[in-house]
Amino acid sequence: MWAQEVLALSRRWLLMTLRERLNLLFSVLQPAVWLVFFAGSLGGAMDARVVGTTDYLAFAVPGIIAFTVVGNGVSAAMPLLFDKETGYLDKLMSMPIRRSSLIVSRFVFQMGMNSAQVLVILLVALVLGVRPATGLAGVLAILVTAALLTLAMTAAAMALACAVPSHGTFFAVTGFASLPLLFMSNAFVPLTAMPAWMQVVARANPLTYAIEAMRLLMLDGWSAGLPVAMGALVLASALLLVVGAWQFGRQTSERVA
Amino acid sequence: MGMIIDVERLSRRFGQSTAVDELTLTAGAGEVVGLLGPNGAGKTTTIRMLATLLPPSSGTARVCGFDVVRAAGDVRLRIGYVMQQVSPMGYYMLTGREKTEIEAALYHVPRKRVKARAAEVLELVGLSAHADRLVQAYSGGMQKRLELACGLLHRPELLILDEPTLGLDVQSRHHVWDHIRQLCQEGMTVLLATNYMDEADRLCDRLTIIDHGREVVSGTPAELKAAIGADSLDEVFLRHTGHALREEAA
Ligand SMILES: Nc1ncnc2c1ncn2[C@@H]1O[C@H](COP(=O)(O)OP(=O)(O)OP(=O)(O)O)[C@@H](O)[C@H]1O
Ligand SMILES: [Mg+2]
């Protein structure tokens with residue numbers, strides 16, 4: 001029965017997304033455009049000794065994946081935000097469904113969408129001549145990493161959606177936070193190229209660990225740093241999941257739980 | 001025979017103000033009970049407590065014998081709730097059929113029956129011909145009828161209707177009334193909150209008028225009219241609740 005709820009809600013998310021064709025098109029195109037942009041302009045300006053590789057595009061792919069996942073995190077929370085405002089959340093809450101189905105269906109849907117987008121990014125990268133050092137198994141590992149990051153970002157965005165009074169505040173906060181979140185990570189430059197204080201901030205940023213893991217998979221192969229980065233990412237995701245669940249609980253306990 | 005609705009001295013406060021004040025209300029199986037009152041009287045707040053969306057501040061409310069707080073899950077299985085406000089943005093980009101099928105699944109209609117049951121309720125409210133259009137393109141009346149259809153998916157024992165004909169034309173209102181009557185003949189119990197006295201007069205077996213969250217008077221429409229020698233429920237309503245606009249008083 002729980003599966004039936006998650007499936008039904010996922011169907012709702014999927015239909016809503018698929019019907020907005022233009023939105024869908026741009027979501028898929030955006031990371032590809034970024035890739036080309038990075039390959040063309042920034043790549044030439046980067047010092048191979050700083051970046052640690054002559055292949056800046058391969059270096060940038062994990063950053064672009066992280067960028068995409070952060071952007072999608074914002075849209076992941078939108079239905080919850082609007083259900084809250086239209087009152088449809090009340091209708092859902094009056095139904096005999098588990099509270100967690102709403103959240104879980106969102107995670108399931110978002111992981112599916114993001115995986116598809118990651119595959120598109122890797123495909124475009126392949127066309128541009130970038131091939132993961134770890135091969136096909138590495139692609140799978142990258143998908144798993146992106147899924148973990150999706151979990152973390154979706155949970156954070158949903159927690160925020162529950163906490164804010166209206167969507168205006170939500171977009172103000174996410175608009176303010178998205179870019180610093182990216183630039184205070186190793187998305188586009190390695191940590192070693194940052195001033196010391198920024199390194200400290202970046203070390204506390206879950207993005208850094210997801211990017212580090214994906215970058216090792218892209219450039220270095222199955223290296224010893226991988227489990228460490230993944231471990232940190234799992235920890236951060238778990239933490240954000242707890243915060244998300246707590247905020248959702250608060251949102252729904254004004255109603256009867 | 002147990003009561004379908006059994007509300008005893010139910011109160012709900014929001015900060016300093018009391019939206020529902022020691023309200024007592026009952027409904028037996030198959031009855032249509034009306035909840036009347038001026039804007040802000042506490043109709044929707046009462047309904048939200050019965051629909052397990054809002055915890056009461058004090059008092060008890062039971063639906064089909066289940067406490068709305070302690071056995072919220074059992075209550076949810078047995079109620080259909082048609083909300084006062086329907087925003088089509090809630091199912092943006094979905095067709096009537098898709099919305100109905102999704103809600104059928106959420107009400108745990110057996111997987112193999114979902115499509116058939118959705119088609120059934122759409123047929124019941126006369127929306128079969130429009131089932132595959134986007135809900136946001138429906139007229140207000142069609143949207144209300146769709147909501148009604150979705151409230152029936154799991155054959156609830158209690159149907160809670162919060163102003164089901166708000167903003168509808170005469171044809172649509174009669175249409176909705178016919179459905180409600182038919183459902184009652186099949187034994188469903190209905191709690192109807194409305195601001196339309198003619199609607200209450202036509203449909204309700206009993207009604208309770210509330211004001212400022214408190215019960216003012218209860219009885220059958222005939223009793224209430226006879227008690228003050230009035231011809232219409234409008235007269236009864238104004239006699240008991242006065243002519244002053246509510247928002248000014250508050
Ligand atoms: N969430 C809330 N927070 C604070 N006050 C509330 C809340 N919900 C309702 N109220 C107040 O409770 C009172 C009763 O409101 P309610 O919506 O139950 O009235 P109603 O009888 O349904 O009115 P209407 O006919 O306009 O729909 C009002 O004074 C309203 O302002
Ligand atoms: Mg109301």
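Below is a table of values for the structure above.
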read-out: Carbon/sulfur fraction of accessible area - chain A, other protein chains in place, 1.4 Å, %; value: 74 percent
read-out: For region B:75-147 and region A:64-112, distance of Cα centres in Å; value: 20 Å
read-out: Heavy-atom accessible area per residue - the protein assembly as shown, 1.4 Å, Å²; value: 43 Å²
read-out: Shielding by partners, peptide B:111-117 (average Cβ within 10 angstrom, other chains); value: 1
read-out: Label point 7 Å beyond Cα of A:Leu136 along Cβ direction - residues of region A:217-246 with amide nitrogen under 14 Å; value: none
read-out: Amide H partners (placed H, <5 Å) of B:Gly80, local residues excluded; value: B:Leu158, B:Leu159, B:Ile160
read-out: Distance (nanometres) between label positions extended 7 Å along Cα→Cβ at B:Gln185 and A:Val144; value: 6.3 nm
read-out: Label point at B:Leu245 placed 7 Å out along Cα→Cβ; residues across region B:28-51 whose backbone nitrogen lies under 18 Å; value: B:38-41
read-out: Within the protein assembly as shown, helix-based [θ] at 222 nm, where runs of 4 or more DSSP H residues each add -39,500 (n - 2.57), nearest 500; value: -18500 deg cm²/dmol
read-out: Net charge of neighbours whose Cβ lies under 15 Å from the Cβ of B:His179, counting Lys and Arg as +1 and Asp and Glu as -1; value: 0
read-out: Label zone at B:Gln84, where the point sits 7 Å out along the Cα-to-Cβ direction: region B:27-49 residues whose backbone N lies under 13 Å; value: B:35-49
read-out: Relative contact order for chain B, counting Cα pairs under 8 Å that sit 6 or more residues apart, in percent; value: 26 percent
read-out: Extreme residue, positive dipole direction of chain A, given options A:Gly225, A:Ala159, A:Phe38 (C-beta unit charges); value: A:Ala159
read-out: For A:78-85, mean number of other protein chain Cβ atoms within 10 Å; value: 2
read-out: Lys, Arg +1 and Asp, Glu -1 on Cβ, resulting dipole of chain B about Cα centre, debye, nearest 20; value: 940 debye
read-out: Extreme residue, positive dipole direction of chain B, given options B:Val82, B:Gly242, B:Val170 (C-beta unit charges); value: B:Val82
read-out: Within 10 Å of each Cβ in A:161-173, the average number of Cβ atoms from other chains; value: 0
read-out: Relative contact order (%) - region A:2-253, alpha-carbon pairs under 8 angstrom, separation at least six; value: 26 percent
read-out: B/A buried area, accessible surface, summed, 1.4 Å probe, Å²; value: 3000 Å²
read-out: Table column - 3J(HN,Hα) (Hz), region B:75-84, Karplus curve with 6.51, -1.76, 1.60, x for Gly and Pro; value: 5, 4, 5, 10, 10, x, 10, 9, 6, 5
read-out: Sum of side-chain charges, B:Glu223 neighbourhood, beta-carbon under 13 Å (Lys, Arg +1; Asp, Glu -1); value: 0
read-out: Occluded residues from region A:90-132, i.e. those whose accessible area drops by 50 Å² or more once the chain is not alone (1.4 Å probe); value: A:Asp90, A:Lys91, A:Ser94, A:Met95, A:Pro96
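The values are calculated or read from the model by the stated rules, or taken from the named source; none is laboratory data. Please read these numbers as outputs of a predicted model, since none were measured by experiment. Note that we place each Cβ from the backbone using ideal geometry, even for glycine, and neighbour counts take in every protein chain shown. Calculation scope for accessible area: heavy atoms of the full protein, side chains included, ligands and nucleic acids excluded. Shrake-Rupley method; radii C 1.70, N 1.55, O 1.52, S 1.80 Å.
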